[in-house]
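Inspection log for the structure reproduced underneath, given as structure tokens.
The values are calculated or read from the model by the stated rules, or taken from the named source; none is laboratory data. All values reported here derive from a predicted model rather than from experimental measurement. Glycine gets a Cβ as well: all are built from the backbone with ideal geometry, and neighbour counts include every protein chain shown. Just the protein is used for accessible areas: all its heavy atoms, side chains included, with ligands, DNA and RNA removed. Shrake-Rupley method; radii C 1.70, N 1.55, O 1.52, S 1.80 Å.
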Amino acid sequence: YAHVSPLRFRERRLEEDIKRSLQVIGDVVGHTPTLYRPPHGRIRSGQIAVARRLGCRVVLWSLMLMDWLPDLTEAELRLRLTHLRGGDIIVLHDHAEEQPRLIAALTAIAEICAERQFTPVTLEQKG
């Protein structure tokens, strides 16, 4: 919920943070999430156990596009996507002020996937 590195939390505080996140997201989307992406991609093994106890599978990413950077150009975005491989998990950010960059990133991802004959899937489909 706080989008703070879990390394800064003790397990009890992380549990509270994940519970709050699950509640807020669940209220908005109508069901409780089952995936947890730790902010900044850092998490301790004991914290993974906390997420699992709360019914979440911890998911990390293999490709970061840096889509939150305000000066990110489309050329830089596409350069980062040259590293895209089948099976990659791409982390994206959806803050309101970043929406134009998110749309540009999704467009570029769709085009590159089509060129490489990749089929994007959800994390649930990926397994």
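Quick notes on this one:
- The residue that is modelled with the lowest pLDDT, counting only those in the range 1-44 that are over 20 Å from LEU92 (Cβ atoms) and among the basic types (Lys, Arg), is ARG8.
- Selected residue (criterion: farthest from the chain's Cα centre (by Cα)) from residues of the range 105-125 that are part of a loop (DSSP other than H, G, I, E, B) and surrounded by fewer than 10 Cβ atoms within 10 Å (Cβ to Cβ): GLN117
- Residue check, ASP67 over 22 Å from SER5 (Cβ atoms) and within 14 Å of the chain's Cα centre (by Cα): no
- Among residues of the range 1-16 being among the charged types (D, E, K, R) and closer than 15 Å to ARG52 by Cβ, the one that is surrounded by the most Cβ atoms within 10 Å (Cβ to Cβ) is GLU15.
- Residue selected from the range 17-36 under the condition open to solvent by 70 Å² or more (accessible area, probe 1.4 Å) and hydrophobic (A, V, I, L, M, F, W, C), by the criterion farthest from LEU123 (Cα to Cα): VAL28
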